[in-house]
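Take a look at the structure below.
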Amino acid sequence: MNVDVRVFPSRFVDSVVQMAAVRAMRQVTGVHWAGAGMATQANVDSLLAQGVAHDVLTGRGPDDFYVAVRADGEESAAQAFAAAEEAAGAAAEPEPGPSAESPPRSVREAVARHPEANVAVVSVPAEYAALASFQALTSGLHVLLFSDNVPLEKEVALKDYARSRGLLLMGPGAGTAVLSGVGLGFANVVTRGAVGVVAAAGTGAQEVMCLLDRWGAGVSQVIGLGGRDLSEAVGGRAALAAVEAMREDPETQVMLLVSKPPDAAVAARVLEAAGDLPVVATLLGAARTAAAEGSVLVADTLEAGALATLRLLDKPTPDPTITVGPSVHAVCERLDVSRTLVRGLFSGGSLCFESLVILQRLLGEIRSNTPINPAWGLPAPPGSHQCLDLGEEEYTRGRPHPMIDAESRVDPLREHSGDPDVAAVILDVVLGHGAHPDPAAVLAPVCGEVMTADGPQVVVHVVGSDADPQGYDEQRERFARAGCLLTETSARAAVVAAAIATRRPDLAVRTP
């Protein structure tokens with residue numbers, strides 16, 4: 001079965017739109033594989049590996065957009081291309097030269113058209129991301145650098161340059177921000193409030209902003225840093241700028257820092273820079289401690305960080321142990337004694353990491369493609385607990401991120417649920433702008449399908465707000481109708497899954 005390719009010369013298409021095109025093609029009957037992207041060398045190599053003939057790609061370069069499909073026949077391929085062109089807006093060849101109707105071809109052209117803009121979102125191939133970001137900073141714009149795989153030395157140089165101009169450089173790989181109530185990237189719709197979130201973890205930021213919104217606090221700003229910012233090499237350059245911005249923001253009364261384990265010296269400098277601004281440092285997997293020196297509280301899970309923030313604001317704290325769906329006790333009684341394993345299938349990298357930390361404490365060795373213990377990587381031996389970040393490159397090469405493409409988790413869900421030793425499957429569902437428009441429509445029926453009388457229990461946590469376009473309550477209700485057990489927080493989903501696997505319902509009410 002051949003791969004058909006259609007190329008649109010000299011047309012740049014944003015990575016998020018590329019993912020939408022792939023999703024549209026995959027929904028066409030008869031399509032077995034689909035891809036879309038810019039014809040960079042890495043993407044060309046990927047197409048060649050799929051069986052595309054060399055001559056099809058001769059003369060193509062990173063300025064050319066392509067869509068590719070492997071389908072049952074010409075009719076299915078044609079329908080897939082039509083769907084991709086509609087989703088990506090690529091049906092017509094670009095007119096020569098700029099016009100008022102055509103999209104701007106450079107940062108400078110975009111600034112000239114929109115002089116009132118003060119933020120640029122950069123999402124281009126990595127080899128062009130630093131240049132585009134520099135052009136935006138030179139134009140006086142803050143930058144959300146969505147692109148990943150930017151060289152470390154360029155990240156440092158960009159952040160130094162941004163700081164010298166009093167600007168924020170968020171990223172690389174910063175997928176989430178909310179500035180003055182405007183969401184950028186993968187952002188949830190949350191109420192304005194008193195908490196400023198500074199995050200080196202994208203879905204970690206989404207989880208805490210949604211919990212704060214749901215629990216009555218709201219957020220003032222959410223500033224993403226990129227995953228490397230708190231490393232020794234980068235030195236917290238963006239974090240220091242973000243802390244300064246939070247201190248100067250009259251709306252921000254408390255700062256909530258979210259990160260995987262940072263470099264200790266860098267974290268100390270960043271927290272010291274907060275001065276007298278109260279801070280909750282949510283450092284996933286950090287050694288448990290009640291408080292650090294001064295006005296800094298330290299939490300080791302996203303749930304604990306959100307609850308500590310509420311306490312600093314003198315707001316009532318909810319009971320996060322409440323679940324929806326079958327009781328943990330009933331699930332433990334239903335399952336065969338041979339089912340003792342936990343599998344986590346995550347779209348959010350931070351949520352996967354948090355679950356690894358919690359499950360390791362409760363169950364011991366947890367295998368993962370992003371292990372917290374290097375010895376616990378993949379391949380996993382039979383009879384192992386596993387948490388997989390399905391947003392990592394090995395799962396997204398040639399297809400959209402699972403937050404956009406809910407269908408990409410259907411096969412792993414069926415595969416791991418089919419293991420006769422699995423007791424519980426954890427599934428995160430992230431809502432908000434940029435995410436799949438209706439993930440429950442795709443995933444809830446499959447959850448119901450795998451939870452047979454002797455099948456495993458699916459434990460679902462929905463990251464979202466009441467105002468998100470997908471509808472938070474409606475999404476949760478559809479998973480509940482399918483028989484899933486729903487938790488209030490991501491951390492609680494890991495605890496409940498461990499309680500099911502060990503047949504210890506009492507674990508489900510413990511602090512994760």
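The values are calculated or read from the model by the stated rules, or taken from the named source; none is laboratory data. Every value quoted in this text rests on a predicted model; they were computed, and no experiment measured them. Virtual Cβ from ideal backbone geometry, glycine too; neighbours counted across all protein chains shown. Heads up: the accessible areas ignore ligands, DNA and RNA and are worked out on the full protein's heavy atoms, side chains in. Shrake-Rupley method; radii C 1.70, N 1.55, O 1.52, S 1.80 Å.
Answer yes or no as to whether Asn2 is surrounded by 13 or more Cβ atoms within 10 Å (Cβ to Cβ) and at pLDDT below 90.
Numbers: surrounded by 13 or more Cβ atoms within 10 Å (Cβ to Cβ): no; at pLDDT below 90: yes.
Considered against the rule, which asks whether it is surrounded by 13 or more Cβ atoms within 10 Å (Cβ to Cβ) and at pLDDT below 90, Asn2 comes out as no.
Farther than 20 Å from Arg414 by Cα and either free of Cβ contacts under 8 Å to residues at least 12 places away in the same chain or among the β-branched types (Val, Ile, Thr) (or both): is that true of Thr452 in this structure?
no
Just checking, which of Ala217, Ala194, Ala233 is on the phi < 0 side of the Ramachandran plot, part of a strand (DSSP E or B) and not β-branched (Val, Ile, Thr)? It would help to see each step written out before you state the result.
Values: Ala217 fails: part of a strand (DSSP E or B); Ala233 fails: part of a strand (DSSP E or B).
After applying the criteria, what remains is Ala194.
How about segment 455-471: which of its residues are more than 17 Å from Asp421 (Cβ to Cβ) and without any contact (Cβ under 8 Å) to a residue 60 or more places away in the chain? Steps first, answer last, please.
First, pick out the residues of segment 455-471 that are more than 17 Å from Asp421 (Cβ to Cβ): 460-471.
Passing the criteria: Val460, Val462, Gln470, Gly471.
For segment 144-158, does any single residue satisfy the condition of being modelled with pLDDT of 95 or more, within 16 Å of His433 (Cα to Cα) and out of contact with any Ser or Thr (no Cβ under 8 Å at 6 or more places or on another chain)?
Yes: segment 144-158 contains one or more residues that are modelled with pLDDT of 95 or more, within 16 Å of His433 (Cα to Cα) and out of contact with any Ser or Thr (no Cβ under 8 Å at 6 or more places or on another chain).
Name the single residue, out of those in segment 462-511 being of a type in the set (A, V, I, L, M), open to solvent by less than 10 Å² (accessible area, probe 1.4 Å) and not in a helix (DSSP H, G or I), that is farthest from Val208 (Cα to Cα).
Leu485
For Cys352, only one of the following conditions fails: (1) more than 18 Å from Lys260 (Cα to Cα); (2) touching a residue at least 12 places away in the same chain (Cβ under 8 Å). What is its number?
That leaves (1) as the condition not met.
Return the residue satisfying two criteria in turn: it lies in segment 28-41 and is out of contact with any helix residue (DSSP H, G or I) (no Cβ under 7 Å at 6 or more places or on another chain) and exposed (fewer than 15 other Cβ atoms within 10 Å of the Cβ), and of such residues it is modelled with the highest pLDDT.
Of everything passing the filter in segment 28-41, His32 is modelled with the highest pLDDT.
Looking at the structure I just gave you, is Asp148 in a helix (DSSP H, G or I) and over 14 Å from Ala245 (Cα atoms)? Outline the logic, then answer.
Numbers: in a helix (DSSP H, G or I): no; over 14 Å from Ala245 (Cα atoms): yes.
Judged against the criteria, Asp148 is not a match.
Only residues in segment 301-317 that are crowded, with 19+ Cβ neighbours inside 10 Å and among the hydroxyl-bearing types (Ser, Thr, Tyr) count as the first member; pair them with residues that are modelled with pLDDT of 95 or more and not in a helix (DSSP H, G or I), Cβ under 8 angstrom, at least 6 apart or cross-chain, and list the lot.
Thr301/Thr282; Thr309/Val195; Thr309/Ala217; Thr309/Val254; Thr309/Leu256; Thr309/Val280
What helices (runs of 4 or more DSSP H) lie completely within segment 356-461 and have 1 or more residues being in contact with a Cys (Cβ under 9 Å, 6 or more places away or on another chain), open to solvent by less than 40 Å² (accessible area, probe 1.4 Å) and not hydrophobic (A, V, I, L, M, F, W, C)?
Details: elements: 393-396, 410-417, 439-450.
Qualifying helices (runs of 4 or more DSSP H): 410-417, 439-450.
Any residue at all in segment 64-86 that's open to solvent by 20 Å² or more (accessible area, probe 1.4 Å), closer than 20 Å to His401 by Cβ and at pLDDT below 85?
The answer is no, given that none of the residues of segment 64-86 is open to solvent by 20 Å² or more (accessible area, probe 1.4 Å), closer than 20 Å to His401 by Cβ and at pLDDT below 85.
Considering segment 450-472 alone, what residues qualify as being in contact with a Leu (Cβ under 6 Å, 6 or more places away or on another chain), within 21 Å of Pro437 (Cβ to Cβ) and not acidic (Asp, Glu)?
Val460, Gly464, Gln470, listed by residue number.
Which of (1) in a helix (DSSP H, G or I); (2) free of Cβ contacts under 8 Å to residues at least 60 places away in the same chain does Thr203 not meet, given it meets every other one?
The number of the failed condition is (2).
Report whether or not Ala268 is surrounded by 22 or more Cβ atoms within 10 Å (Cβ to Cβ) and at pLDDT below 95. Outline the logic, then answer.
Working: surrounded by 22 or more Cβ atoms within 10 Å (Cβ to Cβ): no; at pLDDT below 95: yes.
No.
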